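The values are calculated or read from the model by the stated rules, or taken from the named source; none is laboratory data. Predicted model only: the values in this text are computed from it and were never measured. Counting neighbours? That spans all protein chains shown, and the Cβs are built from the backbone with ideal geometry, glycine included. Surface areas here come from the heavy atoms of the whole protein model, side chains and all, with no ligands, DNA or RNA. Shrake-Rupley method; radii C 1.70, N 1.55, O 1.52, S 1.80 Å.
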Protein chains: 2
Amino acid sequence: MSRSTRRAFFISDGTGITVEMFGHSLLTQFEEIEFQQTVIPFVDSTEKARDCATQINAAATAGSRPLVFTTLVNAEIRDVIRRADCLLLDFFERFLDPLEAELGTRSSHAIGRSHGRVGNKEYRDRIDAVNFTLAHDDGMSHKELDMADVILVGVSRSGKTPTSLYLALQFGVKAANYPLIPEDFARGALPPALLERKERLFGLTISPERLAEIRHERRPGSKYASIENCRHEVEQAEAMMRRHEIPWLNSTTRSIEEIAAKVLHEVKLERHGGF
Amino acid sequence: MSRSTRRAFFISDGTGITVEMFGHSLLTQFEEIEFQQTVIPFVDSTEKARDCATQINAAATAGSRPLVFTTLVNAEIRDVIRRADCLLLDFFERFLDPLEAELGTRSSHAIGRSHGRVGNKEYRDRIDAVNFTLAHDDGMSHKELDMADVILVGVSRSGKTPTSLYLALQFGVKAANYPLIPEDFARGALPPALLERKERLFGLTISPERLAEIRHERRPGSKYASIENCRHEVEQAEAMMRRHEIPWLNSTTRSIEEIAAKVLHEVKLERHGGF
């Protein structure tokens, strides 16, 4: 039997990033249904809300109205959407009331606050972290390595670069990364520049089968991508992490978000995300 | 008068990224209060929940109990937290019931679903996009530029690189970027390789004052950072965008998230984020 389908809209007066993440994490709890998803950001006027309502009504079919997730701070805009043929799940409406009661104050109902102020310290930290991470990708530079919050080590294509960038962009963490290569294995030790900062090191490993798959996409049929070579490199890398007592994680079945959050948690780094 | 302060906890059985974004966007609506925030991810057992409850109780003071935002799919774990001295705002509890009723089915209550499956197409698209974006940062390569979903142009330090990386990591968008330099202004036109893909171009500009500030941090006292030079470059860059009729945006007061979402919206790119 094919999975049933349902339309879902994510509507925001800002970027739509929060509402999409919010709605998506709920929808993943309903595996047997396929959701056709539409994000509509920057709905900051009743006129734009009316356009949304038209789209929602057009998507409604007999017995299957669309799900509409919203983060709308303006009640007037929200009411326009509510009158459409949908199940409305508004994120602010449900939570602002109990928060206002608890805090004994009114919320500002200001649009577009979610992602922090540009120019504040948190925000500048994130940009600095991105620049640092780019300058220290793939072992490019050992300069200022003492400024790194974390240094990821692992064989080529074990997930170090995307994880480093995510740590920088999302959490403002200065993440360097260093690829373990045959020279390191021959030497039987990490470079001294890294060992001096052992408490900042974190290892990523991966199953040899998955690694071979990823490497074959980049260099089909190469020795680099062969399963024998991948097995050898992974074995050597894991032995080295054990020898140096570096905490490590297998990235094979984990998303960038999970790997990044685990690294933060294990290295006990503070999250100073700007979102 | 100093702002009042309040403790806030973000507790998740997964990465904590969704709950932190969710709670943060609500708290930014209460500007007059300073929130001391703690994220506790990977709370996937009642034992870990009891540790959280202890932390919450220790943070409670007379007349000021902590705010606790949670995304916990397991009711037993949630109940442990609920018994702590706090205002509990659980994201799943409030929304899963109406969703189950609407969809006529039970949710799976599976932990750690939020960020998508590793190895599915969406996820691979994101990794491919990150690799593409890194290879096409700062005009590094015109190779395979026809595969770019978007090409950001703008003067050095106008926000192109962080925006490109965010587009790739968050939305799986292949974003190249190209810096406008004096040679381009002297020529009075963009390089032919870019003009061939004009429908994918998007410009970023910035106020000369902010640009000078950012550049002074990197190269203090340089001609590159001088306000005169910044004024000249920004003027030339904006004239060029107008001449080529490229859509553009001023990044001065916008967060990476806002810029990225605006670019997607304007270039009418599909979001295929993996979160």
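Residues in the stretch B:187-216 that are assigned to a helix (DSSP H, G or I) and either of a type in the set (A, V, I, L, M, F, W, C) or touching a Ser or Thr at 6+ places or on another chain (Cβ under 9 Å) (or both): B:193, B:194, B:195, B:209, B:210, B:211, B:212, B:214, B:215, B:216. Only residues that are facing chain B (nearest Cβ under 7 Å), in a strand (DSSP E or B) and open to solvent by less than 20 Å² (accessible area, probe 1.4 Å) were counted in the stretch A:1-49, giving 1.
Counting just the residues of the stretch A:113-127 that are over 16 Å from residue B:27 (Cβ atoms) and either over 20 Å from the mean Cα position of the chain (by Cα) or at pLDDT 85 or above (or both), which one comes out surrounded by the most Cβ atoms within 10 Å (Cβ to Cβ)? Looking at the filtered set, the residue picked out is A:126. Can you work out which of the residues in the stretch A:215-231 that are in contact with a Lys or Arg (Cβ under 8 Å, 6 or more places away or on another chain) and open to solvent by less than 40 Å² (accessible area, probe 1.4 Å) is farthest from residue A:250 (Cα to Cα)? This residue is A:222. With respect to the conditions (1) farther than 29 Å from residue B:128 by Cβ; (2) surrounded by 15 or more Cβ atoms within 10 Å (Cβ to Cβ), residue A:192 lacks only one, and its number is (2).
Taking (1) open to solvent by less than 60 Å² (accessible area, probe 1.4 Å); (2) without any contact (Cβ under 8 Å) to a residue 24 or more places away in the chain in turn, residue B:238 satisfies each apart from (2). Within the stretch B:95-112, is even one residue more than 7 Å from chain A (Cβ to nearest Cβ), open to solvent by less than 10 Å² (accessible area, probe 1.4 Å), closer than 30 Å to residue A:4 by Cβ and aliphatic (A, V, I, L, M)? No: the stretch B:95-112 contains no residue that is more than 7 Å from chain A (Cβ to nearest Cβ), open to solvent by less than 10 Å² (accessible area, probe 1.4 Å), closer than 30 Å to residue A:4 by Cβ and aliphatic (A, V, I, L, M). Is it the case that residue B:49 is modelled with pLDDT of 95 or more, assigned by TED's automatic domain parsing to the domain that holds residue B:89 and of a type in the set (Gly, Ala, Ser)? So residue B:49 fits the description; yes. In the set (1) under 13 Å from residue A:246 (Cβ atoms); (2) charged (D, E, K, R); (3) under 20 Å from the mean Cα position of the chain (by Cα), residue A:149 fails one condition alone, (1).
Those residues that are open to solvent by 10 Å² or more (accessible area, probe 1.4 Å) and either under 18 Å from the mean Cα position of the chain (by Cα) or among the small types (Gly, Ala, Ser) (or both), I need them from the stretch A:168-189; list them, please. Hits for the stretch A:168-189 are A:174, A:186, A:188, A:189. Of all residue pairs spaced 6 or more apart or on separate chains, none has beta-carbon atoms under 7 Å together with a first member in the stretch A:60-75 that is within 10 Å of chain B (Cβ to nearest Cβ) and acidic (Asp, Glu) and a second member that is in a loop (DSSP other than H, G, I, E, B) and open to solvent by 10 Å² or more (accessible area, probe 1.4 Å). From the residues in the stretch A:246-275 that are under 12 Å from the mean Cα position of the chain (by Cα) and of a type in the set (Val, Ile, Thr), which one is modelled with the lowest pLDDT? This residue is A:256. Can you tell me how many residues in the stretch B:228-271 are in contact with a strand residue (DSSP E or B) (Cβ under 6 Å, 6 or more places away or on another chain), of a type in the set (S, T, N, Q) and not in a loop (DSSP other than H, G, I, E, B)? The qualifying residues number 1. Summed over the stretch B:152-181, the residues that are without any contact (Cβ under 8 Å) to a residue 40 or more places away in the chain and either assigned to a loop (DSSP other than H, G, I, E, B) or over 21 Å from residue B:251 (Cα atoms) (or both) give a count of 1. Scanning the stretch B:145-167 for residues that are open to solvent by 10 Å² or more (accessible area, probe 1.4 Å) and more than 14 Å from chain A (Cβ to nearest Cβ) returns B:146, B:147, B:149. Only one entry in B:150, B:68, B:130, B:155 is assigned by TED's automatic domain parsing to the domain that holds residue B:44 and at pLDDT 90 or above, namely B:68. Taken over the stretch B:50-74, residues that are open to solvent by 40 Å² or more (accessible area, probe 1.4 Å) and of a type in the set (A, V, I, L, M) amount to 2. Of B:257, B:266, all but one fail to be over 24 Å from residue B:186 (Cα atoms) and open to solvent by 50 Å² or more (accessible area, probe 1.4 Å); the exception is B:266.
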